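The values are calculated or read from the model by the stated rules, or taken from the named source; none is laboratory data. Note that the structure is predicted; figures quoted are calculated from it, not measured. Virtual Cβ from ideal backbone geometry, glycine too; neighbours counted across all protein chains shown.
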Amino acid sequence: MYFDKHVFVCENVRAEGERPSCGPKGSPQLLAYMKKRVQELGLKGKIRIQKSGCLDRCELGPVQVSYPEGLWFSIKTQEDAEVFIQNHILENKPEAIRHLTLKDEE
Ligand code: FES
């Protein structure tokens, strides 16, 4: 695999009154924070975190998905994003990020 981890962060924006979307729930700020942290940690080139369009789990947003694990997340705050960086990007501690992880049936 080209990257150790490849994370997609939904930044889709829909008009008010339509189906909920991740952009208005702060996903651009979360993406910027996660990208900054990856750069600070010297992981650029190994870890790719990028924006995506709708991932079709809109009601649970902001939504992110990480490969190669195929794990889905609902990271809503900067604190959540840091927990994600520490326990998913830097170390593989699934128990520490369970509260941020979406189940397949959600
Ligand atoms: S708008 Fe983010 S998953 Fe659909």
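Quick check on region 1-8. Is at least one of its residues within 17 Å of GLN86 (Cβ to Cβ) and among the basic types (Lys, Arg)? Within region 1-8 (the criterion being within 17 Å of GLN86 (Cβ to Cβ) and among the basic types (Lys, Arg)), the answer is yes, since at least one residue qualifies.
Here LYS46, LYS35, LYS93 are screened, and the one residue that is among the charged types (D, E, K, R) and under 13 Å from VAL9 (Cβ atoms) is LYS35. Residue count for region 71-106 satisfying the condition of being small (Gly, Ala, Ser) and modelled with pLDDT under 95: 0. Screening the candidates PRO68, PRO62 for the property of being at pLDDT 95 or above, out of contact with any strand residue (DSSP E or B) (no Cβ under 6 Å at 6 or more places or on another chain), within 14 Å of the ligand (Cβ to nearest atom) and not β-branched (Val, Ile, Thr) yields one hit, PRO62. Where strands (runs of 3 or more DSSP E) sit wholly within region 23-106, those with at least 2 residues that are touching a residue at least 40 places away in the same chain (Cβ under 8 Å) and crowded, with 17+ Cβ neighbours inside 10 Å occupy 47-52, 64-67.
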